[in-house]
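In what follows, a single structure is set out as structure tokens and then discussed.
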Ligand code: NAD
């Protein structure tokens, strides 16, 4: 439903209340922010250094797989509310605020600000010719202190004054891949960190109809809220995985334990699904970045360090379970699921990568199937066998490992596994239904 109707407004913004927004970086965060804001009636210009992505967006074709994005993007492009360019001058001149949503990868455990600084320089240079106030909004996840430090970059490149000619905000994003557009449009909270009133007022205006609590704070606190949230979730997952490992040894159902814990409002049921561990582009690199930031500030984050270590070891456990059943050398292993979680094509830091490496080292033949992530995984492992469906992956396999909780795997039944040579099935994610499939084992169950 249109967010304005959902929140009791009958109209989308009229021409005078439409905001003009540009967004640097058209990945999962930048693109979903852009499509989401354009679908609310704002004028959005996406900026990227990747020409291919720009061409696709201009044609209304999403460069990423995300639920619901295709239609909203097509509508936004055809109604003239969503445009894309490589040209910062054009985008900044034709907008009043620019979000930075470029990647912030990890290099040797520390945050790499190369893309953020490069975007800040380009925005600064484009601001030189502007005469009206402009707001720069940090949406990328950056360690506390970063946004303050890019103010001088923008001042230098633009020859303009912070607070007078431009303002700066931190507005971290909490979306989940796979539900990215939905999450952007339906946030649990909106965090706005800023030092100037003009920027705060503009940001409040942008988000006024989202129906979520707004946390107003300074730049560094807003940056820290994002790290604190991701660090907590990563720790929660590693906690339940360790507990799951113990439950398996004791013959207990870890999911029953999670159910019993989850009703406690202080705990909550989410992120208590024991399994092969977390992946994705954020949890590890954000945990590493804040651990590093803590070290350089003379303190330690021991819980988080342990959470990372647990997560590093968890994917290997599925191979250990498998090796208890069979000698691996020369065996064919079917992998169902490659994406780091369901409903995404993203394989960044996916547990499947670790599993594939280990199986290849043990001289196995791999048949891999994923409904969306094959193209991305082929760039990492070009020469394993990729199949078009589950059946082809299972054909002649000695064992099957389920690594992603895709819905289609939930429907698998005993008959589907008949094409395997041996019937060893091990789940890294809890998907199979006991009434439909007999004799399978889980990593922690
Ligand atoms: P991504 O890697 O999918 O996309 C980044 C985009 O930025 C790419 O398209 C790249 O070409 C572009 N880019 C690089 N340098 C540029 C420049 N100078 N100017 C314009 N574009 C440039 O990244 P993402 O997953 O969308 O993440 C972006 C940020 O948001 C990161 O800091 C990440 O930690 C954070 N974040 C990500 C998620 C998530 O689930 N992916 C959730 C919340 C926050």
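Worth pointing out:
- The chain - convex hull of the alpha-carbon atoms, volume per residue in Å³: 156 Å³
- When Rg and the Kirkwood Rh are both derived from Cα coordinates, the Rg/Rh ratio for the stretch 250-290 amounts to 1.10.
- GNM result for the chain, Cα springs below 10 Å: residue of 298, 27, 428 fluctuating most strongly: 298
- Distance between the C-alpha centres of the stretch 162-176 and the stretch 90-131: 11 Å, rounded to the whole angstrom.
- For the stretch 344-445, the fraction of C-alpha pairs more than 20 angstrom apart is 34%.
- Pairs of Cα atoms nearer than 8 Å and 6+ residues apart set the relative contact order; for the chain it is 11 percent.
- Axis of helix 219-250 versus longest Cα principal axis of the chain: the two differ by about 10°, to the nearest ten degrees.
- Of 251, 422, 275, the one that fluctuates the most in a GNM where the chain has Cα springs shorter than 10 Å: 251
- A compact globular protein would have a Cα radius of gyration near 2.2 N^0.38 Å; the ratio found for the stretch 105-264 is 1.33.
- Antiparallel DSSP beta bridges within the chain, percent to nearest 5: 10 percent
- Against the main long axis of the alpha-carbon atoms of the chain, helix 146-158 sits at an angle near 40°.
- Only helices enter this figure: runs of n ≥ 4 DSSP H residues, each worth -39500 (n - 2.57), summed and divided by the residues of the chain, yield -13000 deg cm²/dmol at 222 nm to the nearest 500.
- Measuring how big the stretch 114-164 is from its alpha-carbon positions, Rg and Dmax come out at 10.5, 31 Å.
- Relative to the compact-globule estimate of 2.2 N^0.38 Å, the Cα radius of gyration of the stretch 230-307 comes out at 1.23.
- Residue among 426, 69, 384 with the largest mean-square fluctuation in a Gaussian network model of the chain, springs linking Cα atoms under 10 Å: 384
- The Stokes-Einstein estimate for the stretch 33-134, based on a Kirkwood radius over Cα pairs and taken at 20 °C with 1.002 mPa s viscosity, is a diffusion coefficient of 147 µm²/s.
- The angle between the Cα long axis of helix 302-325 and the longest principal axis of the Cα atoms of the chain comes to about 30 degrees, rounded to the nearest 10.
- The C-alpha atoms of the stretch 219-445 occupy a region whose extents along the principal axes are 56, 40, 29 Å, arranged from largest to smallest.
- Euclidean distance of C-alpha centroids, the stretch 179-217 and the stretch 425-445, integer Å: 41 Å
- For the stretch 293-369, convex hull volume per residue from C-alpha positions, Å³: 121 Å³
- Calculated over the stretch 279-320: convex hull of Cα atoms, volume per residue (Å³): 55 Å³
- The relative contact order of the stretch 266-327, computed from alpha carbon pairs under 8 Å that lie at least 6 residues apart in sequence, is 42 percent.
- Going from the fewest other Cβ atoms within 10 Å to the most, the residues 408, 66 appear in the order 408, 66.
- Taking every alpha-carbon pair within the stretch 2-217, the share separated by more than 32 Å comes to 11 percent.
- Which of 44, 107 has the fewest Cβ neighbours within 10 Å, and the rest in rising order: 107, 44
Every number here is computed from the coordinates shown, using simple stated rules; none is lab data. Computed from a prediction, not measured in an experiment: that's the story for all the values here. Every residue, glycine among them, receives a Cβ derived from its backbone with ideal geometry; neighbour counts consider all protein chains shown.
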